[in-house]
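First the structure, in the form of structure tokens, and then the observations on it.
The values are calculated or read from the model by the stated rules, or taken from the named source; none is laboratory data. Every value quoted in this text rests on a predicted model; they were computed, and no experiment measured them. Reconstructed Cβ throughout: ideal geometry from the backbone, glycine too, with neighbour counts over all protein chains shown.
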Amino acid sequence: MGTLAKMKIKLKESVSGVATEKEVLYNPAKMTYTKTIPWTGKDKENKVLPSIYNTAGRENRELDMELYFDYTMESEKKFIDDFKYFEAITSEHDISGEKRPPKLMILWGENSSDIHFSTCVITSMTWTYELFDKKGNILRATLGMKIQETA
């Protein structure tokens, strides 16, 4: 049995002050993969067709996952560092003259192709804070993310 492969988030576009690659602290316990395929039984003139067919090709795939962050045993790593990273990669930046979040790459698996979204963006992010120290610092949190494939 080999070493545990950690999920990696890679920036496909450089953003000032943001690391180009982030290895997650713990791999997700579960992920939801969604692929929508638009089918119809009518053509553009609303005529019934002899069989159902795909009208628009493949829609972009979506991936929902929850990442777990636990700093109860960490002395150097702090929650705020991970929080700032995810805030940076979901914020607007001036990229090639456009104001938008950077495109990412999600890699997970021994060959980095087992779970692989080669060009995607985070479309939604929800932090849940679960444990605090005596000073109010966050020690444990989960991050729910929705990721969508893009061109």
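Worth a mention:
- Options 79, 83; residue that is at pLDDT 90 or above and either within 18 Å of the chain's Cα centre (by Cα) or at negative phi (or both): 83
- Filter pass, residue 147 being farther than 18 Å from residue 35 by Cα, at pLDDT 90 or above and of a type in the set (A, V, I, L, M): no
The rows are residues; the columns are (1) at pLDDT below 85; (2) out of contact with any His (no Cβ under 7 Å at 6 or more places or on another chain); (3) of a type in the set (Asp, Glu); (4) within 15 Å of residue 120 (Cβ to Cβ).
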{"residue": "8", "(1), (2), (3), (4)": "no, yes, no, yes"}
{"residue": "15", "(1), (2), (3), (4)": "yes, no, no, no"}
{"residue": "23", "(1), (2), (3), (4)": "no, yes, yes, no"}
{"residue": "27", "(1), (2), (3), (4)": "yes, yes, no, no"}
{"residue": "31", "(1), (2), (3), (4)": "no, yes, no, yes"}
{"residue": "37", "(1), (2), (3), (4)": "yes, yes, no, no"}
{"residue": "42", "(1), (2), (3), (4)": "yes, yes, no, no"}
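- Members of the stretch 68-90 that are crowded, with 17+ Cβ neighbours inside 10 Å and touching a strand residue (DSSP E or B) at 6+ places or on another chain (Cβ under 7 Å): 69, 71, 79, 82, 86, 89
- Residue 99 assigned to a loop (DSSP other than H, G, I, E, B) and either over 15 Å from residue 122 (Cβ atoms) or among the aromatic types (Phe, Trp, Tyr) (or both): no
- Filtered by the rule that a residue be touching a helix residue (DSSP H, G or I) at 6+ places or on another chain (Cβ under 9 Å) and not in a strand (DSSP E or B), the stretch 133-151 gives a lone residue, 137.
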